[in-house]
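We did not get these values from a lab; they are worked out from the coordinates using the rules stated. Remember, predicted model here, so these are calculated numbers, not experimental data. Heads up, the Cβs are rebuilt from the backbone with ideal geometry, glycines too, and the neighbour counts pull from every protein chain shown.
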């Protein structure tokens, strides 16, 4: 009988991410500063960034759970951008 919950293979995930997303940490720090200063613009940037990462994961047919998580966070970033627009 197959198990539903497989242990997560961090080494495989790290190989996938670091091979494809070199230098992302610097970009993410800069985007974080933009979110801090201009939440509306930063929210759209974050949403786009997370969507691209999720699409990359979905097209590789790997880490579907991480792709779904990133899409949910992208929706949250869009919501933040919309709220920031209303409040400004």
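Here the relative contact order of the range 38-88, from alpha carbon pairs under 8 Å that lie six or more residues apart, stands at 53 percent.
At a 10 Å Cβ-Cβ cut-off, how would you order 53, 75, 34, fewest neighbours first?
Details: 53 20, 75 13, 34 16.
So the residues, fewest neighbours to most, are 75, 34, 53.
Counting every other Cβ atom within 10 Å of each residue's Cβ, 65, 70 order from fewest to most as 65, 70.
Inverting the pair-averaged 1/r between distinct Cα atoms of the range 38-88 gives 11.0 Å as its Kirkwood hydrodynamic radius.
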